[in-house]
Amino acid sequence: MRKTSELLWQDVQHQQLFEILELINHADSGPDIVLRLQQYTETHFTLEERYMEAVAYPGMDTHKRAHDVFRDEIATLLESGEEIDDCSRQVISTYLTEWLKRHVFGTDKELEAFILASAVK
Ligand SMILES: [Fe+2]
Ligand SMILES: [Fe+2]
């Protein structure tokens, strides 16, 4: 899934998110890995949102709303407070990975191009 990107911080953080999602699929993963996903997601989304503000990105509201959907999904998972069984672990991992792929290769690529064309990198 490695791709070339001039916006290195964004690329590295996306790889890290995909790696954490992959860990959710492991048999011995528990709620702690979902918490780790939540923390890293927040770090990443907050940084993208700061960049959007810094470059006055026109698509900022839509992009932030997309982030909030993902934030809500993870929060719901954590609030359920249940042990994750094998079946739901696969469903969760697959769903979140597919969502993230669509976001990273669509919405985030548009942001990346805008940031690269701006003075702030
Ligand atoms: Fe992103
Ligand atoms: Fe994003």
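Restricting attention to the range 56-74, the residues being outside any helix (DSSP H, G or I) and either at pLDDT below 95 or loosely packed, with under 14 Cβ neighbours inside 10 Å (or both) number 3. Every condition in (1) surrounded by 12 or more Cβ atoms within 10 Å (Cβ to Cβ); (2) modelled with pLDDT under 95; (3) in a helix (DSSP H, G or I) is met by residue 84 except one, and the failing one is (3).
Could you list, in sequence order, all residues of the range 21-44 that are free of Cβ contacts under 8 Å to residues at least 40 places away in the same chain, in a helix (DSSP H, G or I) and surrounded by fewer than 19 Cβ atoms within 10 Å (Cβ to Cβ)? Hits for the range 21-44 are 23, 32, 36, 39, 40, 42, 43. The listed residues are 70, 45, 105, and the only one of them that is out of contact with any helix residue (DSSP H, G or I) (no Cβ under 7 Å at 6 or more places or on another chain) and within 15 Å of ligand 1 (Cβ to nearest atom) turns out to be 105. Here residue 107 passes the criteria (1) without any contact (Cβ under 8 Å) to a residue 40 or more places away in the chain; (2) within 15 Å of ligand 2 (Cβ to nearest atom); (3) β-branched (Val, Ile, Thr) except the one numbered (1).
Within the range 87-121, track down each residue that is basic (Lys, Arg) and either under 13 Å from residue 70 (Cβ atoms) or part of a helix (DSSP H, G or I) (or both). Matches in the range 87-121: 89, 101, 102, 109.
The values are calculated or read from the model by the stated rules, or taken from the named source; none is laboratory data. Nothing here was measured: the structure is a model prediction, and the numbers come from that model. Note that each Cβ is placed from the backbone with ideal geometry, even for glycine, and that neighbours are counted across all protein chains shown.
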